[in-house]
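Single-structure report; data block below.
Every read-out reported here was derived from the displayed coordinates using simple, explicitly stated rules and does not represent laboratory data. Remember, it's a predicted structure, so these values are computed and weren't measured experimentally. Neighbour counts are summed over all protein chains in view; Cβ atoms, including those assigned to glycine, are modelled from backbone coordinates with ideal geometry.
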């Protein structure tokens, strides 16, 4: 990938020698205070890269007033297949783009994080003893400033303008951020979570595009804490049942029913079976849609006697 530093005296004519490249990185240089020494108000130069397939933005800052211009020109790149951002801030347009404007060959959107924030098989960020089993990208030491940046500084794929038109998508990447108030991460706070609110958009992409796999970074399906059993009791009959309220597994169930997709590099069915404690997809789907609440139950209590209990109404 060709790296193009955007320095203080940068002029757009300096792009001319790289216009035939298929992959470029625009690396925005900052001063001692972390401010960009040069930025673009007009991104129309992107259209000159007629062969560009991969664009990476490093330390880019696209503020709201320039966002419409950026996305309009980004979407006009006919060959673009992948956008990568790292340590960047990208605002979404505040006005809709023309409905016929979208990147015709776009396949993947990726956000790169500093490895000290990204959970993996070989590394776990420092989340402190009280949040050790919490899901998400980030660590406790830097949470005060990274949480706002990670959750609002760049868009998730489902928030892209005209995303429903992206018919060449092959990989759907989403990013779950560490949150001390949600052990499942910021995308999966209980009850109508951020991710589940977008589930119909994602299902539509599975039906229309050539999606081969979904990745949710910052979600470890081998974390036993997300399988914790929650017991409930019917207030009328006194009969107990397991309450399945995880929007992680509810979301995966709906997506898997839409398309038998690879999820975080694995077939997710084994994890659905583990959480819902049944062996076939039909039973799993029923439990996901009803949260395991038996038919006829109107009021129930969460939690066992001797613990904190919550009254619930269907």
> Relative to the longest principal axis of the chain, what angle (0 to 90°, nearest 10) does the C-alpha long axis of helix 247-258 take?
Replying inline: 70 degrees
> By how many degrees, between 0 and 90 and to the nearest 10, does the Cα long axis of helix 64-75 differ from the longest principal axis of the chain?
Replying inline: 80 degrees
> Expressed as a whole percent, how much of the Cα-Cα distance distribution for region 257-303 exceeds 14 Å?
Replying inline: 58 percent
> Remind me, what semi-axes does region 204-266 give for its equivalent ellipsoid, largest first in whole Å, using sqrt of 5 times each Cα gyration tensor eigenvalue?
Replying inline: 31, 16, 7
> At q = 0.08, 0.09 Å⁻¹, what log₁₀ I(q)/I(0) does a Debye calculation on the Cα points of the chain give, no solvent, two decimals?
Replying inline: -0.44, -0.55
>> Translational diffusion coefficient of region 71-203 at 4 °C, 1.567 mPa s, Stokes-Einstein with Kirkwood Rh over Cα pairs, in µm²/s as a whole number.
In response: 80 µm²/s
>> Based on the alpha carbons, how large is the Rg to Rh ratio for region 58-148 when Rh follows Kirkwood?
In response: 1.09
> Ratio of Rg to Rh for region 1-111, alpha carbon only, Kirkwood?
Replying inline: 0.94
> Counting only DSSP beta bridges with both residues in the chain, what percent are antiparallel, rounded to the nearest 5?
Replying inline: 30 percent
> What is the spin-label model distance, in nm, from residue 35 to residue 257 if the labels are put 7 Å beyond Cα along the C-beta direction?
Replying inline: 5.3 nm
> What value does region 8-62 have for Rg/Rh, both radii from Cα atoms and Rh as Kirkwood defines it?
Replying inline: 0.97
> Under a GNM of the chain (C-alpha, springs under 10 Å), which listed residue has the highest mean-square fluctuation: 105, 162, 222?
Replying inline: 222
>> Cut-off 10 angstrom, C-alpha nodes, Gaussian network model of the chain. Which of 49, 40, 178 fluctuates the most?
In response: 40
> Based solely on its DSSP helices, what 222 nm [θ] is calculated for the chain when runs of n ≥ 4 H residues each add -39,500 (n - 2.57) and the sum is averaged over all residues, nearest 500 deg cm²/dmol?
Replying inline: -6000 deg cm²/dmol
> Angle, helix 281-290 long axis vs. longest principal axis of the chain, Cα atoms, 0 to 90°, nearest 10?
Replying inline: 90 degrees
> Measuring from label point to label point, each 7 Å out along Cα→Cβ, what is the residue 115 to residue 3 span in nm?
Replying inline: 1.6 nm
> Taking the chain as a Gaussian network, Cα atoms linked when under 10 Å apart, which of 137, 261, 177 shows the biggest mean-square fluctuation?
Replying inline: 261
> Cα convex hull of region 133-228: mean projected area in nm², to one decimal?
Replying inline: 6.7 nm²
> Could you list, bin by bin from short to long, the percent of Cα-Cα pairs of region 161-314 in 5 Å steps?
Replying inline: 2, 9, 17, 20, 20, 15, 9, 6, 3, 1, 0
